[in-house]
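I have a structure here, written as structure tokens, and I will follow up with some questions on it.
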Amino acid sequence: GQTNLKSPQDIQVSVINTNFTLRWSYAGNYTNVTFSAEYRFEASMTDEMEWKELPGCQKVTHTECDFSSGITEYYDKHHVRIRAARMEEVSPWSSIFEMTPYIIAQISPPGIELQSINGVIKIKISPPEANQVQKMWIDDLSFKYNLVIWENSSNAEVRYQCIFPNDIIDDLAPDTTYCLKVQATYPSDSKEGLFSPIYCIKTTRKENVPFCATNVTVLALNMKFHLHWNNQYEQHVSYNVQYLIGYLKALYEDYSVKWLSVPGCENITDTHCDFSSIISISGLLYLRVQAMSEYNKSCLSNEVKVDPLVTNEIGPPGLNVDISDVLLHIEISPPGGPENEASRDRYDLSYRVLYWKNSSNNEEETKMKEIKQTIGTISDLAPSTLYCVKVQAFSKAYNKSSHFSKEECIKTPGDKILPLIILATFVTALIAVLLVATPLVFALYQAYNKIKHVFFPSCQPPLNIEGFEGQLFNSPYLSTTEEPIENCSIIEAIITEVNQIDLKDYKHSKQSSRDSGNYSNDDDTSGTKVSEETVEKEME
């Protein structure tokens, strides 16, 4: 079982498209030595997995072999090993090389055809796996192509650009040799292919046609698209504006016969055209101007690319402002009006609101607020102050912003806090005065009643006690005019036997009654006087 043969080392697999090459190194004696390889892949691996001979890599005498015919599963993991053999003697197997073909595969250079005509270079590209039945890259339309071009001279400037399978390279110097190479890329898998060989070609002089449209440009605002161009030709010239749907350029077929005329821009003499009618938000367009002279000669301008959402400029929004007690209300009219709702959704517009105090102080700070909706409020406002507002629409997704809207100014209402404080203070003071004054007034009223009762009585003393035998009754304590008067009753003695009592006794009785201190009212006094007169008459 012993052998002097060494195992192969440094196993490598190179994959370009569907072309597989196995390489290795061998440090032993090459005399009469052959190499054979085996492989297996995970889809067939079991507990009793077996190695299979690798087609194209059996008993080879060199340190590489092509096994493209043996691999058909490009997305499965493969294991490869190799050993040396001489006659009946074999070396141990090498270490196992593990690979997934699609992951390690490289893109081959594309095919290139060049044509120099009228000062430009026409280029036609073939995909990397053109005309192959078995393909690593299934979708040829997913390829993108990078061009590197430079003048064939010392210290030449190198120019890089992306090109289509059928394209025109312009902006070249006449009668100049240019060299170029092209690389295919597969963006969906982030793969970059190998560059093509270098091709060189000499340009021609461009035919000078005076009536050609020049400086073709696109102006677009709020999805209204206009094409403008210049013409310095003094004779009669008519124009036909043509467009090409963008995806046609990504095809490998010739698209030269697929240009269409823009409606409303056919056989016109103006040097501008409104082509908004053919715009699709998500579709690329290419435009050119065909000039027709009075002698039925034609000339095509350079092409311009129109990516609607990129080419379009966002116009300033509309703005209305209103004020409430503590808030400034902002209502924004989106750019372009209701008919541009679809494009605004794609832009995902936001709004930048600037507001400031409109005063003579130039140092007043301008404040900014970003809002997503078309309605917003500003709260940090000073009372009785003139504020100015302007709004700008912007799209972060497309890195675009509009001009600011026209300024709108409005004055905030006066401060209502001070009047409220004054009113509250007045009411509080009034309540306090009422609370203090009410008991004081009540106390004064009670004192007044007491004094009035004592010094200004409401009734007078009876006549029978006002004076005695013509003399006034004077009290050492009370004034007769201010003495409170009480209602009194005098109990009169009924005289049953008038004829038995003499007048003298009666007078003595009267004197006794007055001394007793009994009083009567005016009526009772009158009654007494009547009784006296009656008695006197009877006594006579």
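The values are calculated or read from the model by the stated rules, or taken from the named source; none is laboratory data. Everything numeric in this text was worked out from a predicted model, so none of it was measured. Reconstructed Cβ throughout: ideal geometry from the backbone, glycine too, with neighbour counts over all protein chains shown. Side chains are part of the model used for accessible areas, which takes the heavy atoms of the whole protein and leaves out ligands, DNA and RNA. Shrake-Rupley method; radii C 1.70, N 1.55, O 1.52, S 1.80 Å.
For the range 223-237, state whether one or more residues are part of a strand (DSSP E or B), over 30 Å from Ser402 (Cβ atoms) and not assigned by the TED database to the domain that holds Ile149.
yes
Also: Exactly one condition in (1) of a type in the set (Lys, Arg); (2) more than 26 Å from Thr18 (Cβ to Cβ); (3) in contact with an Asp or Glu (Cβ under 6 Å, 6 or more places away or on another chain) is false for Lys135; which is it?
Unmet for Lys135, out of (1) of a type in the set (Lys, Arg); (2) more than 26 Å from Thr18 (Cβ to Cβ); (3) in contact with an Asp or Glu (Cβ under 6 Å, 6 or more places away or on another chain): (2).
Can you confirm whether Ile125 is open to solvent by less than 60 Å² (accessible area, probe 1.4 Å), among the aliphatic types (A, V, I, L, M), modelled with pLDDT of 90 or more and farther than 28 Å from Asp10 by Cα?
The answer is yes for Ile125.
Looking at the range 361-380, which of its residues are surrounded by fewer than 14 Cβ atoms within 10 Å (Cβ to Cβ), at pLDDT 90 or above and out of contact with any Leu (no Cβ under 6 Å at 6 or more places or on another chain)?
Within the range 361-380, Lys367, Glu370, Lys372, Gln373, Ile375 meet the criteria.
Being farther than 23 Å from Ser116 by Cα and touching a residue at least 24 places away in the same chain (Cβ under 8 Å) is the filter; apply it to the range 190-210 and report the residue that is least open to solvent (accessible area, probe 1.4 Å).
Gly193
Is there a residue in the range 247-266 that is under 27 Å from Pro210 (Cβ atoms), open to solvent by less than 30 Å² (accessible area, probe 1.4 Å) and either in contact (Cβ under 8 Å) with a residue 40 or more places away in the chain or assigned to a strand (DSSP E or B) (or both)?
No, that holds for no residue.
Per-residue answers, yes or no, for (1) open to solvent by less than 50 Å² (accessible area, probe 1.4 Å); (2) among the polar types (S, T, N, Q):
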position: Leu300; (1), (2): no, no
position: Asn320; (1), (2): no, yes
position: Ser324; (1), (2): yes, yes
position: Ser333; (1), (2): no, yes
position: Arg344; (1), (2): yes, no
position: Ala382; (1), (2): yes, no
position: Tyr387; (1), (2): yes, no
